[in-house]
1. I want to check the label-to-label distance for B:A36 and B:T58. Put each point 7 Å from Cα in the C-beta direction and report it in nm to one decimal.
2. Given a 1.4 Å probe, how much area per residue of region B:40-137 is accessible, in Å²?
3. Show me, bin by bin at 10 Å from 0, the whole-percent P(r) of region A:44-170 based on Cα pairs.
4. Enter the buried accessible area of the B/A pair, total of both sides, probe 1.4 Å, in Å² rounded to the nearest 100.
5. Taking the Cα centre as origin and putting +1 on Lys and Arg beta-carbons and -1 on Asp and Glu beta-carbons, what dipole magnitude results for region A:130-170, to the nearest 20 debye?
6. Check cross-link reach from B:K138 to the lysines: straight Cα distance under 19 Å, and skip same-chain residues fewer than eight apart.
7. Can you tell me the Rg and the Dmax, both Å, for the Cα atoms in region A:88-153?
8. If you roll a 1.4 angstrom probe over the protein chains with everything in place, what fraction of the accessible area of region A:45-118 belongs to carbon and sulfur, to the nearest %?
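The values are calculated or read from the model by the stated rules, or taken from the named source; none is laboratory data. Quick caveat: nothing in here was measured; it's all calculated off a predicted structure. Quick reminder, even Gly has a Cβ in these numbers, built from the backbone with ideal geometry, and neighbours come from all protein chains shown. For the accessible areas, the whole protein counts, side chains as well, though only heavy atoms, and no ligand, DNA or RNA atoms are used. Shrake-Rupley method; radii C 1.70, N 1.55, O 1.52, S 1.80 Å.
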Amino acid sequence: MLRAKDFIRMFAVAVLVMGMSVAPISGVYADDDEDEGDDEGQQVVVSNALWKTECGACHAAYPPRMLPAESWHAVMSGLDKHFGSNAGLDAASAKEITAFLEENASTKGREASGKPLLRITETREFKSEHDEVAARDWKNPKVKSPANCGACHTQAESGDFSEHNVKIPR
Amino acid sequence: MNRLFFVFGLFVTAAGFTANSAFAETPVEVLAAIKAEASGTPGFQGFSATRGESFYKTKHNHDLSCASCHTDNAAAQGKHSETGKVIKPLAPAANEERFTDMKKVAKWFKRNCNDVLDRECTAQEKGDVLTYLLTVHK
């Protein structure tokens, strides 16, 4: 009754549900679609329990696919002085999270500049996805910072950035 | 098939939740551990909720206080002063997960004290703050 294939699928989902890391399984979430305007917000969400608590405490846990591996590496190398905050981690946790981020990082073309970007909000993609957001919306105190994804993306906590769940506060 | 799938999923989720909600310590135990640490310092005379409240609400460096993120009313929902992200209430009376994991408590005292005071908090300061937080009601 229960074929091996079904079981593997169930197991994969179960692991996702429990918030553990999944190794890249091609076809599950890999984004082959390189053209503009793809459904970036709706990709299958990869997760890791430690990443979600540690990196989701002060802001939304930014999905690994939003920065290339070299950027994550740079971010993870400077957690003691992290955008003006102390986000220091013990070595074992830092190692696990770095591996998770790098494994699931964006594979899209590099930014033009030589140094890896540390901010998602400075990437070309972020800018093009948000070119219709008005200056006054960015300045709204309820938004506070472009890095406060959850102010507009109501499901940011669960890694869902699809346009169906956007509500700009007024 | 779908049904089976769903039931299995629920099972795993439930197992995950149970594991997460098993609290390692109680706030009183956490306070006792801080007290053991403070007792080693000369002249230690116990903790004070009044001192803890003033420490919590006073702006130290960078125009920041504990209340900048955790709000003046520690039983209310807070908001991160830089990112705007919502922070659950800090007072145990309003959030039963608070001060139930020694490691988590130590990690955040270290980070937040560094942000607010440019140094770690002393055991006296930590004990005063927790003593105060335990007096805050919903």
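1. Placing both labels 7 Å along Cα→Cβ, they lie 2.9 nm apart.
2. Values: 5030 Å² over 98 residues.
Averaged over the residues of region B:40-137, the accessible area is 51 Å².
3. The percentages, shortest bin first, are 12, 43, 36, 9, 0.
4. Values: alone 9070 and 11260 Å², together 18330 Å².
Summing both sides, the interface buries roughly 2000 Å².
5. Working: 6 positive and 6 negative charges, 73 e Å.
The calculated dipole for region A:130-170 is roughly 340 debye.
6. B:K138 reaches B:K57, B:K79, B:K88.
7. 15.2, 42
8. 60
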